[in-house]
1. State yes or no: is L16 crowded, with 19+ Cβ neighbours inside 10 Å and in contact (Cβ under 8 Å) with a residue 40 or more places away in the chain?
2. Can L17 be described as modelled with pLDDT under 95 and part of a helix (DSSP H, G or I)?
3. Which residue pairs have Cβ atoms under 9 Å apart, sit 6 or more places apart or on different chains, and have a first residue in region 29-58 that is without any contact (Cβ under 8 Å) to a residue 12 or more places away in the chain and a second that is of a type in the set (D, E, K, R)?
4. Would it be correct to say that E27 is surrounded by 15 or more Cβ atoms within 10 Å (Cβ to Cβ), out of contact with any Phe, Trp or Tyr (no Cβ under 8 Å at 6 or more places or on another chain) and not aliphatic (A, V, I, L, M)?
5. Of everything in region 75-99, what is surrounded by 16 or more Cβ atoms within 10 Å (Cβ to Cβ) and assigned to a helix (DSSP H, G or I)? Give them in sequence order.
6. Starting from residues that are under 17 Å from K63 (Cα atoms) and of a type in the set (A, V, I, L, M), keep the ones in region 30-51 and report whichever is surrounded by the most Cβ atoms within 10 Å (Cβ to Cβ).
7. Among the residues of region 81-98, is there at least one that is more than 13 Å from the chain's Cα centre (by Cα) and of a type in the set (F, W, Y)?
8. When you scan region 28-44, do you find a residue that is touching a Ser or Thr at 6+ places or on another chain (Cβ under 8 Å), of a type in the set (A, V, I, L, M) and modelled with pLDDT of 95 or more, even just one?
Amino acid sequence: MKNVIVVCEAGITTSLLVTKLNELAEENDKEIHINSKSTEVGLEYVKEVPVDAVLLVPQIHHKEEEYRKVTNGKVVKVSVSDFNNMNAYSIFEQLNEVI
């Protein structure tokens, strides 16, 4: 089972995206567990729990280096366009390319 987190400022705005990504994982028979975390909780989480990927929404792209320092998982910046349009298909494709 792959472990992925989607990180946003408060961990709330990504709930719809996480739901869509989990649905796509299930539809495509991918064993991926995806959940959302706030910026600070996410940093602590990846220090304690191995993750395969961290998806950073546009508001926190500036935290990329901080996440890269504390995890061995891939850190992916979700594009502004994909996030604003909730393009879960595109984001799911990007995720599959890195895990």
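The values are calculated or read from the model by the stated rules, or taken from the named source; none is laboratory data. Owing to the predicted nature of the structure, the values given are computational and were not obtained by experimental measurement. Cβ: placed from backbone, ideal geometry, glycine included. Neighbour counts: every protein chain shown.
1. Working: crowded, with 19+ Cβ neighbours inside 10 Å: no; in contact (Cβ under 8 Å) with a residue 40 or more places away in the chain: yes.
Taking the combined requirement at face value, the residue does not satisfy it.
2. Working: modelled with pLDDT under 95: yes; part of a helix (DSSP H, G or I): yes.
Criteria met by L17.
3. Hits for this filter: E44/K37.
4. Values: surrounded by 15 or more Cβ atoms within 10 Å (Cβ to Cβ): no; out of contact with any Phe, Trp or Tyr (no Cβ under 8 Å at 6 or more places or on another chain): yes; not aliphatic (A, V, I, L, M): yes.
Here the answer is no, as E27 does not meet what is asked.
5. Within region 75-99, D82, F83, A88, I91, F92, Q94, L95 qualify.
6. First, pick out the residues of region 30-51 that are under 17 Å from K63 (Cα atoms): 36-47, 51.
Still in the running and of a type in the set (A, V, I, L, M): 41, 43, 46, 51.
Numbers: V41: 14, L43: 18, V46: 23, V51: 21.
Among them, the one singled out is V46.
7. For region 81-98, residues more than 13 Å from the chain's Cα centre (by Cα) and of a type in the set (F, W, Y): present.
8. Applying the first criterion (touching a Ser or Thr at 6+ places or on another chain (Cβ under 8 Å)) to region 28-44 yields 36.
Now restrict to residues that are of a type in the set (A, V, I, L, M): none.
No, every residue in region 28-44 fails to be touching a Ser or Thr at 6+ places or on another chain (Cβ under 8 Å), of a type in the set (A, V, I, L, M) and modelled with pLDDT of 95 or more.
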